[in-house]
1. Residues of segment 250-287 being closer than 15 Å to ALA305 by Cα and not in a helix (DSSP H, G or I), which ones?
2. All but one of (1) free of Cβ contacts under 8 Å to residues at least 12 places away in the same chain; (2) in contact with a Gly (Cβ under 7 Å, 6 or more places away or on another chain) hold for PHE624; which doesn't?
3. Which one of these does ILE230 not meet: (1) buried (at least 17 other Cβ atoms within 10 Å of the Cβ); (2) part of a strand (DSSP E or B); (3) touching a Ser or Thr at 6+ places or on another chain (Cβ under 9 Å)?
4. I'm checking my understanding of the structure. Among residues of segment 436-479 that are among the small types (Gly, Ala, Ser) and closer than 30 Å to VAL597 by Cα, which one is nearest to the chain's Cα centre (by Cα)?
5. Scan segment 312-338 for residues that are among the polar types (S, T, N, Q) and either surrounded by fewer than 17 Cβ atoms within 10 Å (Cβ to Cβ) or assigned to a helix (DSSP H, G or I) (or both) and jot them down.
6. So the check is Cβ under 8 Å with 6+ separation or different chains; which pairs have a first residue in segment 72-98 that's hydroxyl-bearing (Ser, Thr, Tyr) and at pLDDT 95 or above and a second one that's in a helix (DSSP H, G or I) and surrounded by fewer than 17 Cβ atoms within 10 Å (Cβ to Cβ)?
7. Taking helices (runs of 4 or more DSSP H) that do not extend beyond segment 8-113, which have at least 3 residues that are under 18 Å from VAL243 (Cβ atoms)?
8. Residue check, ALA370 against (1) over 29 Å from ARG229 (Cβ atoms); (2) touching a helix residue (DSSP H, G or I) at 6+ places or on another chain (Cβ under 6 Å); (3) among the small types (Gly, Ala, Ser), all met but one. Which one?
Amino acid sequence: MKPQRSDADRTWPAGPISLQIGLASFGILALELALIRWLSGQVRLFAYFTNLVLIGAFLGIGLGVAVGRRRPGLVHWILPALAALSLVLGAAEELRLVHLTFPDSAVHLWGAEGMGESHLRLVLDLGIFLVLFGAIVIVFLLAGAPLGWLFARTPPLAAYRWNLAGSLLGVLAVTATTATGAGPAAWLALAALPFVWLSRRPRSLVAAAVVISMGAFSTGRAVFSPYNRIDLKSHDLGIWLEVNRDFHQYMHDLSDGALSRSETPAEPLRDLRLFRAAYDLPFLVNPHRRSALVLGAGTGNDVEAALRNGYQHVTSVDIDGRIIDLGRRFHPERPYDDPRVDEVVDDARAFFHTPTAYDAVVYGLIDSHAMFTSLASLRLDNYVYTEEGIRAAWRHVSQQGHLSISFSLFAGRWIGDRIYWTIARATGIEPKAYCPGMHHGCTFIVARDGAQLNLQDVAFSPFTPGTPMGDMSTATDDWPFLYIRPGVFPWGYLLVLAAVVALAAVATPLAFGPVRIGGHFDVVLFLMGAAFLLIETRGVTAFSLLFGSTWVVNAAVFCGILAMALAANEIVARLHPTRLGPWFVGLFAAVVLLWAVPPSALSGLPVLPRGLAGGLLNALPVGFSGVIVSMSLARSPNPSASLGSNLLGSVVGGCLEYLSMVIGLRALVLLALALYCGALLALRRSAASVASVD
């Protein structure tokens, strides 16, 4: 008689469990990165909250791993749930979700913070924001469920090996896809196909087609860089360029011929003449015009201004190569075709490692609308405007040269005061500042002693700070939060984080049972996960200071973290260490060393020693904690629950990362150390409980 197949047997296709774990992990990682990028372009608010998307993913996966052991059939609902979310996100413009506002003015979001909006509108927008967050949690709960089922059916270290390997391959695949400039349809296909294979049900295949189709539908005529969704539109003042649904810049024709055309309407012509004067200002004030460095060059307006005013050589730097390419193709004055121009695609801060001096070091209006990593609440330009960043720029100013920083004061006078005093502290000189009014911008200028600037003919309104230096918190590498408004309580942020914690507090006992040491919920791995997320955050921010806040650096750091965790797992699998104590000692020493040696101590080293020293500093805590996590999984009576606990710990770590806005980034390392100490205490208490039972 043929044996009856169980429901679980019918749920899963035959095949190696290791392959299925790897595919599930690959799909989860690809889905995380795809949704982070897609949401940023469809609902502009999420461009400023990518770490919340990651927190939602960790929360969902952690719960899913715990539930999946009992609910193998959830694998068939991953793609239908994703399809439902995709229908909403794909039609975000039609549903008027693109320009949601956030009910908190504590952090400037280029108008997305909802200042001046009605209370009802802000409450509705916050509700929609939280509903979208909840939908993300549900999608990842379903996506994490297969791992819970599969982990229970193979030895823990083997399962963890394939989990890490699948995640590593996911990062590599997404990195390769990003390099091609592909859009949402490709990202979502990469994420959906592993789940199609795992489910092998018609509804999953249909749902995957819906997901990919909505990704394609949402694209429209946009192009994508590794950082931004980019849209081009026609406008009276030039070609209008948007990033992540926010205005970013124009491509102007400010040539003599364009400004003398009689058919140009009076109002646009007046604006264009103002814009030309504003762009020319940094390049007119200094008679020494051999070389200029333009940071945040974008499509080339500042580069053309340097050429127009006689600079013999111009180096243009922008982090987004796709925006430079659009400027090369569509800018009416063709600045990048000029042989006097050298283009560099790099982070401005990373470029300062070069030794060249310039007669003019000019910051364009570098106004980031995107985060440089989903692990931290930092934007692409945060480290460019710190005291250390401006000091690095100042070192590249020749003895006859000057530094010019243009910045939009759209947020209010307070941000002008912060820029003013940050420049003063970085250079030792209070800048001269003028406000042309273009895009609410002001230009701050400081000169070397040997420079002879011609400032008496500047016709724009001068800017003087309204706050004394001692009363203004300026941006530093440890506290690079340029956009935090002084004296405003961040109740909106706290409300969102409270909702995240409340959701986790309610859902965790439902998924795991009562949270206690010795129960299914693994307190030790929970605390390890929280600490590890903070260490990851510190590692990413440290490497951005050493090598730039570029997507390539981020991808390399993520790959390095996963590779180190995989190596730690292999150490445990092959050497079978029995005592956790020595590894905790090594972990504590590595964390203290990470705290004691700031990135600035390494930034002056040549590239290779800088990379080796920085890599070692950040790899040691990852390696020691990886060994502890693998040993704990190997000993766990319920590896699925332990893995889920570890992921839920990352949720807490992600929430704690927001404390960096108060205590600074370096202090996160000490917070991680406290969490690791808590993990050791919980481990000892658990061991004592087991001994007392024995």
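1. Matches in segment 250-287: TYR250, MET251, HIS252, ASP253, LEU254, SER255, VAL285, ASN286, PRO287.
2. (1)
3. Going through the list (1) buried (at least 17 other Cβ atoms within 10 Å of the Cβ); (2) part of a strand (DSSP E or B); (3) touching a Ser or Thr at 6+ places or on another chain (Cβ under 9 Å), ILE230 breaks only (3).
4. Restricting attention to segment 436-479, the residues satisfying the condition of being among the small types (Gly, Ala, Ser) are 437, 441, 447, 450-451, 459, 461, 466, 470, 473, 475.
Then drop every residue that is not closer than 30 Å to VAL597 by Cα, which leaves 470, 473, 475.
On the way: GLY470: 31, SER473: 24, ALA475: 19 Å.
Result: ALA475.
5. Restricting attention to segment 312-338, the residues satisfying the condition of being among the polar types (S, T, N, Q) are 312, 315-316.
GLN312, the sole residue that qualifies.
6. Hits for this filter: zero, empty list.
7. On the way: elements: 17-42, 50-68, 78-90.
Those helices (runs of 4 or more DSSP H) span 17-42.
8. Failed condition: (1).
The values are calculated or read from the model by the stated rules, or taken from the named source; none is laboratory data. All values reported here derive from a predicted model rather than from experimental measurement. Note that we place each Cβ from the backbone using ideal geometry, even for glycine, and neighbour counts take in every protein chain shown.
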